[in-house]
Amino acid sequence: MAKQESELQKTDDFSFPKELSVPDTEMKSCILYGLPKCGKTTVLSTLPNCLIIDTENGSDKIAGLIKKVPQDKGPVGKMQWLDKFADELIKAGKPYDYVALDTFTEINEWAEWSGTYRYQNSVMGSSFNRELDTLGKPIKGGKLLNPGDANYQSVHNLAEGYGYRWSREDTLRMFDKYMKVANKCVFFVCHVEDKFVGGGDTRIKLKEEVAPKQIALTGKIKDVLPRKVDAVGYVYNDDGVIKVNFTGSEQRVGGNRCPHLRGYNDVLDWKKIFLKP
């Protein structure tokens, strides 16, 4: 113990700051969300040295640095692949300036099933998704049901919303890991909630408001993740011009930690968003 304390005293810095720190105004993390086919992937492909990780197999018509998540895997396998791929990016010395997870909404959906997998293999879940006895009750520690079985359930079906903890943990773990994989900025691309898609003046309303309820993420995640990034932007197509809205308030998700983007609601121009070349 004495040795450990001595080592701590040598490494810890308890000096008092005497000069003002110089703030880093560049955006290092961002949630971009918008309506389907509004141009999110297209505009990201124009960003130099930006790797787009395609989770939805929707980039065939895009020319860019694309890496597709293997489509022959199930949700659990895809989450495991993403986890390993993040390790490989870091191990390779972070070869990309920008990395975009397109979409993180899809990853959040996979987390429901990877969370289910973790729960049913935990001590607490020893009776969950198990074969039934003659009375129709799950056998504790019994054979696991196949995901295609009629009695197979999502962890979200647990009472009082307890199961959401398991998918939330997987979503946050993946989010935090990918925050570290790019030299300059990581983008978490999301959809708009289905109930806000289509109909009347939806596009006009979303141009003016950037609200957490609009982002297609599960439960508390849509409140937690916007607080973790430097900026949240709503991407929209205004008569063929791709624009982004970074404005926000206490009632809205959005806003940002980058002074030059405060109040920005204009053409999505990377030279205006990233000031350093």
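The values are calculated or read from the model by the stated rules, or taken from the named source; none is laboratory data. The structure presented is a predicted model; accordingly, all values stated were derived computationally and were not measured. In this analysis, Cβ positions are derived from the backbone assuming ideal geometry, glycine residues included, and neighbour counts consider all displayed protein chains.
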Next item on the list: Run down 25, 103, 41, 46 and say which single residue is among the β-branched types (Val, Ile, Thr), in contact with a Leu (Cβ under 8 Å, 6 or more places away or on another chain) and closer than 19 Å to residue 233 by Cβ.
Entry: 25
Check: Do we find a residue being surrounded by 20 or more Cβ atoms within 10 Å (Cβ to Cβ) and hydroxyl-bearing (Ser, Thr, Tyr) anywhere in the range 12-21?
Finding: no
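Of the residues that sit in the range 101-121 and are among the aliphatic types (A, V, I, L, M) and closer than 22 Å to residue 66 by Cα, which one is surrounded by the fewest Cβ atoms within 10 Å (Cβ to Cβ)?
In the first step, residues of the range 101-121 are kept if they are among the aliphatic types (A, V, I, L, M); the result is 101, 107, 111.
Narrowing the set further to residues that are closer than 22 Å to residue 66 by Cα leaves 101, 107.
Working: 101: 25, 107: 27.
Checked the range 101-121; the qualifying residue surrounded by the fewest Cβ atoms within 10 Å (Cβ to Cβ) is 101.
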Next item on the list: Report, ordered by the first and then the second residue, all pairs with beta carbons closer than 8 Å, sequence separation of six or more or different chains, a first member in the range 58-73 that is charged (D, E, K, R), and a second member that is part of a loop (DSSP other than H, G, I, E, B) and surrounded by 10 or more Cβ atoms within 10 Å (Cβ to Cβ).
Entry: 68/57; 68/59
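Looking only at the range 89-141, count every residue that is under 30 Å from residue 184 (Cβ atoms) and assigned to a helix (DSSP H, G or I) and tell me the total. Outline the logic, then answer.
Taking the range 89-141 first, the residues under 30 Å from residue 184 (Cβ atoms) are 89-111, 114.
Next, from what is left, pick out any that are assigned to a helix (DSSP H, G or I): 89-91, 104-111, 114.
Qualifying residue count for the region: 12.
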Check: Only one of (1) surrounded by 14 or more Cβ atoms within 10 Å (Cβ to Cβ); (2) modelled with pLDDT of 90 or more fails for residue 124. Which number is that?
Finding: (1)
Margin query: If residue 86 satisfies all but one of (1) among the hydrophobic types (A, V, I, L, M, F, W, C); (2) free of Cβ contacts under 8 Å to residues at least 60 places away in the same chain; (3) surrounded by 15 or more Cβ atoms within 10 Å (Cβ to Cβ), what's the number of the condition it fails?
Written below: (2)
